[in-house]
Structure formats: C-alpha cells, structure tokens
Amino acid sequence: METIEKLKEIINNSNNIVAFTGAGVSTLSGIKDFRGKNGLYKEKFEHSAEYYLSSRCFFLEPDTFYKFYKSNMNVLDKEPNIVHKYLTKLEKDGKLKAVVTQNIDGLDKKSGTKNVLEIHGTIYKNYCAKCGKEYSAEYVFNSKGVPYCDCKGIIKPYVVLYGEMLNDDFEKAIYYINNVDTLIVLGSSLTVEPAASLVKNFSGKNLIIINENDTPLDEYATLVIHENLENVISTLNM
C-alpha cells in the first residue's frame, strides 16, 4: 500500500506525464499476448509466429499471412479496460501528454484518449500496397482470403511487421519521452527493441514501472510495482 501512496503522490505532483504501455494492458481486455506463458509465440505452428507476421511472409505468401493474421489479430470486439479508461481520465485532467503504446489493438483511442502514439501500428488502418487507398479493419477481416483493392493491389495492415522499420509515431514518442518529467510503464516487459530503448533513454525525474514480472530496467526506476496491473489501477481510483 505504501508504494501505491507513493505512486499517487508522484502523479498528483506532475502535470507532464507520458504512459508507455505493453501487452500486459491488452490482456486485461481478453487479448492474448505474444511472449507470455501462454502467449502466441509459445503456440506450435508450422512456422514461427514471427515468420507469419513478417513482411517476407506478407509479400511472398499473402494467403498464409492473412490466414494467420485474421485468426490471431482480429480483436475488433474487445473493449477498453480500467487501465485505458484511467489514462483517458489523466489526459482529460491535463496531466497526461501522450500514450506511447506497443499494442496494435486500438483500445487507447477507443477509450477516448486523443494523443496516442502507436509505435507498432494499428489494425484499424489498412491501405493498398499499390495505390495507397485506405480500407477499414472491418473490410479486411470480413474479406474472403486475401483482401484486394479495386486496383487489384493487396491491402496491407498498417502494422509494423518483422523486417520493417518503425513508423513516424516512434520519432514522436522520442520527443515526448525526452520532454516529460514522469514516465509510467504499464504492462511491458521492456525486452522488445527498439521500443524498449525509448524507456532506456528517459532522463526525466520519475520513471515508474508497473509490471507483474521483473524488467531489465527496474534498477533505474524511481518506483517499481510488481503487482497485478488491474489491482494497482483500481486502488489508484479509490
């Protein structure tokens, strides 16, 4: 309880906060994570999950890519949870400047948070790899087989696949994290690069890490809370 009080104190005294969120936030909405004990990467497929979600697979075997993508990435029915809603409130209160998320599920925006930097992209944006025309997530997930554009080009999700560079939101995330005094990490193992480097390079006053398991950056944090994320946020809201 003492650590929660310390967390409250830091948040109450800061109006310049960025939240960095990982898969541990999404799992609270019933979304399977990637690297957890029962995560997607632990399941047995003919090839690795990394291959199915790679640019190589997308361009060389689009049928294989979309079979895997539609089976595992369709989370359109999922709803924001207590963490998303808490961050939305922090933003409305003028304390939170941005959410930097590794998640592609779009739940931060669905919750109502305005400034969300989706450094790994989002399933909600899709575009033709040939002409650039945009398509909705519903169109992609409801299509039969590989979704094609009117121009016959393949529609590609705006998701950073293995083998691709990160998007423009990554550069924006660097700016925000370098210009706030408090960075709160929520539900991230901080092992995925280059995303984890954003936290490594934080030089502000307060680094807070809330994650059930240890992270490589715990020793550098102002405050570390290894507890259930939902319970922590519930206590904050009391």
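The numbers here are math on the coordinates, done by the rules we state, and not lab data. Note that the coordinates shown come from a computational prediction; the quantities given were computed from them, not determined experimentally. Neighbour counts are summed over all protein chains in view; Cβ atoms, including those assigned to glycine, are modelled from backbone coordinates with ideal geometry.
Under 5 Å between amide hydrogens, built in the peptide plane, is the criterion, and for TYR158 it picks out THR122, LYS125, ASN126, TYR127 among residues at least 5 positions away or on other chains.
Across the range 194-208, the residues whose backbone nitrogen lies under 20 Å from the label position 7 Å along the beta-carbon direction of HIS226 are 200, 207-208.
What's the extension gain from THR235 to LYS78 if we count 0.36 nm per residue and subtract their Cα-Cα distance?
On the way: separation 157, 0.36 × 157 = 56.52 nm, distance 2.36 nm.
Roughly 54.2 nm would be gained on extension.
Between the labelled values (i) 57, 35, 31; (ii) 51, 43, 39; (iii) 54, 42, 34, the entry that holds Cα extents along the principal axes in Å as derived from this structure is (i).
With both labels modelled 7 Å from their Cα along Cα-to-Cβ, the GLU46 to VAL146 distance reads 1.5 nm. With the helix formula -39500 (n - 2.57) applied to DSSP H stretches of n ≥ 4, the chain reaches a computed 222 nm mean residue ellipticity of -9000 deg cm²/dmol. Between 0 and 90 degrees, the angle of helix 62-72 with respect to the longest Cα principal axis of the chain falls at about 40 degrees.
With axes computed from alpha carbons, what is the tilt in degrees of helix 2-12 against the longest principal axis of the chain, rounded to the nearest 10 within 0 to 90? The two axes meet at around 80 degrees. Of the residues SER26, SER143, the one with the fewest other Cβ atoms within 10 Å heads the list, and the complete ranking is SER143, SER26.
Taking the C-alpha atoms only, the angle from helix 168-177 to the longest principal axis of the chain is near 0 degrees.
Applying a threshold of 21 Å to the alpha-carbon distances of LYS78/LYS125; LYS95/LYS205; LYS8/LYS205; LYS110/LYS144; LYS32/LYS110; LYS8/LYS109 flags LYS110/LYS144; LYS8/LYS109 as lying beyond it.
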